[in-house]
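The values are calculated or read from the model by the stated rules, or taken from the named source; none is laboratory data. All values reported here derive from a predicted model rather than from experimental measurement. A quick note on method: Cβ atoms are made from the backbone with ideal geometry, for glycine too, and the neighbour counts reach across all protein chains shown.
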Amino acid sequence: MMPVDTAPPGLGRCVRAMAVVVVGVAFCLGVLAGCGGPPAEQKESAGSRLLATLSAYERDALADKKVSRAEMQKALQKFTQCVEAAGLAVVDSGGRQLSLDRLQVDYGSDMSTYDASEKKVQTCRTDVDAVDAVWTMQNAPTADERRRAVDTFAACLRRVGIAVPAGAGQDEVERVYRDSHEKKAGGESGSDSGSGCATNYVDTMGPSAMEGLADALKALK
């Protein structure tokens with residue numbers, strides 16, 4: 001089973017595939033640290049591009065410039081039904097946050113059909129990804145919530161034997177985890193890799209809000 005790429009091309013959004021592969025957590029942490037995004041000189045924002053072409057469902061859901069929980073749940077249902085109609089299976093990997101990122105698509109073992117299947121998945125995604133992006137933006141953790149999540153992550157890593165410096169900030173805590181995880185993946189003996197701590201952390205932090213989306217949503221007619 002491979003995780004579905006639910007992010008528009010080039011945005012570097014985190015696809016949270018912890019339920020499938022632990023190494024995905026290390027990738028997610030790199031994204032949370034701020035990588036990805038279009039070049040600074042690009043005039044049109046990612047948010048503007050996303051809202052430039054909306055499906056009928058997206059336009060209806062975004063008419064009031066916000067996404068309700070029921071609308072987000074319907075978006076997940078529509079995506080799942082679309083993918084299953086294409087002959088592929090979808091598994092909800094769980095987590096506290098509603099997001100397309102939690103849905104995993106099973107492409108099967110025949111890699112000769114992967115490209116065609118991926119095109120079908122991306123077509124299904126484009127019908128609901130604007131709703132997903134706005135929901136993510138609306139429900140992004142506050143600065144205080146992010147700080148508490150970092151502190152909780154650091155404390156969890158210390159409990160499993162990973163040395164995190166006192167007072168370490170987000171970047172340093174994530175770096176310490178990645179270093180520990182890479183050593184463990186490389187076969188080095190020692191403490192727990194902290195993957196359980198990271199899974200909870202990434203689930204709390206969630207994917208990053210899309211660049212320019214707030215302004216694009218305000219201007220949406």
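Taken as a whole, the condition of being closer than 30 Å to residue 50 by Cβ, in a helix (DSSP H, G or I) and not assigned by TED's automatic domain parsing to the domain that holds residue 71 does not apply to residue 136. Selection over the range 89-117 of residues that are within 29 Å of residue 198 (Cα to Cα) and in contact with a strand residue (DSSP E or B) (Cβ under 9 Å, 6 or more places away or on another chain) gives a count of 13. Among the residues of the range 188-202, the one identified as touching a Lys or Arg at 6+ places or on another chain (Cβ under 7 Å) and modelled with pLDDT of 80 or more is 202.
Taken over the range 91-102, the criterion of being surrounded by 20 or more Cβ atoms within 10 Å (Cβ to Cβ) and outside any loop (DSSP other than H, G, I, E, B) is satisfied by 100, 101, 102.
Within the range 152-167, the residues that satisfy the criterion of being of a type in the set (A, V, I, L, M) and either surrounded by fewer than 18 Cβ atoms within 10 Å (Cβ to Cβ) or at positive phi (or both) are 155, 160, 163, 166. What are the residues in the range 56-90 that are surrounded by 16 or more Cβ atoms within 10 Å (Cβ to Cβ), more than 18 Å from the chain's Cα centre (by Cα) and either among the hydrophobic types (A, V, I, L, M, F, W, C) or not in a helix (DSSP H, G or I) (or both), if any? Of everything in the range 56-90, those that are surrounded by 16 or more Cβ atoms within 10 Å (Cβ to Cβ), more than 18 Å from the chain's Cα centre (by Cα) and either among the hydrophobic types (A, V, I, L, M, F, W, C) or not in a helix (DSSP H, G or I) (or both) turn out to be 61, 62, 82, 83, 88. If you go through the range 190-209 one residue at a time, do you hit one that is buried (at least 20 other Cβ atoms within 10 Å of the Cβ) and touching a Pro at 6+ places or on another chain (Cβ under 7 Å)? Yes, some residue in the range 190-209 is buried (at least 20 other Cβ atoms within 10 Å of the Cβ) and touching a Pro at 6+ places or on another chain (Cβ under 7 Å).
Residues in the range 139-161 that are part of a loop (DSSP other than H, G, I, E, B) and touching a residue at least 12 places away in the same chain (Cβ under 8 Å) were compared, and the one that is farthest from residue 75 (Cα to Cα) is 161. Residues being farther than 19 Å from residue 134 by Cβ, modelled with pLDDT under 95 and among the acidic types (Asp, Glu) are represented in the range 81-92 by at least one member.
Residue-level check: of (1) at pLDDT 95 or above; (2) hydrophobic (A, V, I, L, M, F, W, C); (3) outside any loop (DSSP other than H, G, I, E, B), residue 27 misses just (1). Here residue 209 meets the list (1) part of a loop (DSSP other than H, G, I, E, B); (2) within 30 Å of residue 84 (Cβ to Cβ); (3) out of contact with any helix residue (DSSP H, G or I) (no Cβ under 7 Å at 6 or more places or on another chain) almost entirely, failing just condition (3).
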